[in-house]
Amino acid sequence: MTDRIPEEIRDASAEELLHWAFTEFGDGIAIASSFGAEDMVLLDIASKVAERPRVFTLDTGRLPEETYALVDRARERYGIGIEVYFPDTSAVEEMERSFGVNLFYRSIEDRKRCCDVRKMEPLRRAMAGLDGWVCGLRREQAVTRAEVAKIEIDGGNGGILKFNPLADWTLDELWGYIRENDVPYNALHDKGYPSIGCAPCTRAVAEGEDIRAGRWWWEAPEHKECGLHAKRAS
Ligand code: SF4
């Protein structure tokens, strides 16, 4: 797969990288969107440089109402179908019967159990057959993301390509783009939520707090990934 990547594209701008990736791979790649600010910027750029960019999202069943509202706004604004993946019903039922409905607060193990059922299994279905996926990771978001490259081999997901076009964007650049281009965004961002995931696992952050401090706030920073972006032998 890497032999299809020209050297100059590895440090290209987000626009250039998305244009190249969708031209080269077409429906073989898709944007993985949780409808955060970064994902909305990716969608906006992709809609300008690609004919019909594929977008998928994982509806964990525990998302905030504001996120569901944005999914429909994005469908209307960009005129695209969003590929929604929902967790396996019987797996959720089994997990909640055995471990409770709010198991994630009990331990890292139980939190990861929930992320596995509600995110990782649907993600595997969403990624089946893809050559690559596009993510909104930025290096300055978290200690776990400081080394993110614009193009990676995703060893944790079958060795497909992972594109991070916003890897070198700052928070100011991100919001500058949103304002300049009137990109729709999650209403929770205006209520102190810089990073948004499932409702029970996300809280607002105080002025000066780390932007990921509101995600799984009861855990240490180095544990704060749900598995979607875990780095394995890449
Ligand atoms: Fe479950 Fe929380 Fe992970 Fe969502 S973020 S899948 S509610 S543990």
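The values are calculated or read from the model by the stated rules, or taken from the named source; none is laboratory data. These figures come from a predicted structure and were not determined experimentally. Because the Cβ atoms are built from the backbone with ideal geometry, glycine has one as well, and the counts that use them run over all protein chains shown. Ligands, DNA and RNA are excluded from the accessible area calculation, which covers all protein heavy atoms including side chains. Shrake-Rupley method; radii C 1.70, N 1.55, O 1.52, S 1.80 Å.
For the structure I just gave you, tell me whether residue 105 is within 15 Å of the ligand (Cβ to nearest atom) and under 17 Å from residue 59 (Cα atoms).
no
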Scanning the range 176-186 for residues that are part of a helix (DSSP H, G or I) and in contact with a Phe, Trp or Tyr (Cβ under 9 Å, 6 or more places away or on another chain), the one farthest from residue 204 (Cα to Cα) turns out to be 177
By residue number, the members of the range 172-205 that are aliphatic (A, V, I, L, M) and farther than 22 Å from residue 60 by Cα are 174, 178, 183, 205
If we ask which residues in the range 121-140 are within 16 Å of the ligand (Cβ to nearest atom) and open to solvent by 10 Å² or more (accessible area, probe 1.4 Å), their number turns out to be 3
Within the range 39-62, is even one residue over 20 Å from the mean Cα position of the chain (by Cα), small (Gly, Ala, Ser) and under 29 Å from residue 151 (Cβ atoms)? no
Exception for residue 97 within (1) open to solvent by less than 80 Å² (accessible area, probe 1.4 Å); (2) farther than 20 Å from residue 199 by Cα falls at (1)
Across the range 198-211, the tally of residues that are in contact with a Ser or Thr (Cβ under 9 Å, 6 or more places away or on another chain) and surrounded by fewer than 20 Cβ atoms within 10 Å (Cβ to Cβ) stands at 3
(message) Suppose the filter is open to solvent by 30 Å² or more (accessible area, probe 1.4 Å) and more than 24 Å from residue 68 (Cα to Cα); does residue 172 pass it?
(response) yes
Qualifying residue in the range 187-197 (condition: open to solvent by less than 50 Å² (accessible area, probe 1.4 Å) and at pLDDT below 90): yes
Flagged in the range 28-62 as at pLDDT 95 or above and either in contact with a Cys (Cβ under 6 Å, 6 or more places away or on another chain) or acidic (Asp, Glu) (or both), in numbering order, are 32, 38, 39, 44, 59, 60, 62
Expected output for the range 85-113 (first residue among the polar types (S, T, N, Q), partner open to solvent by less than 90 Å² (accessible area, probe 1.4 Å) and within 11 Å of the ligand (Cβ to nearest atom), Cβ below 8 Å, 6+ apart or cross-chain) is 102/200
*Output yes when any residue across the range 157-177 is at pLDDT 95 or above and within 16 Å of the ligand (Cβ to nearest atom), and no when none is.*
no
For residue 106, the lone unmet condition from (1) at pLDDT below 95; (2) touching a strand residue (DSSP E or B) at 6+ places or on another chain (Cβ under 6 Å); (3) over 28 Å from residue 19 (Cβ atoms) is (2)
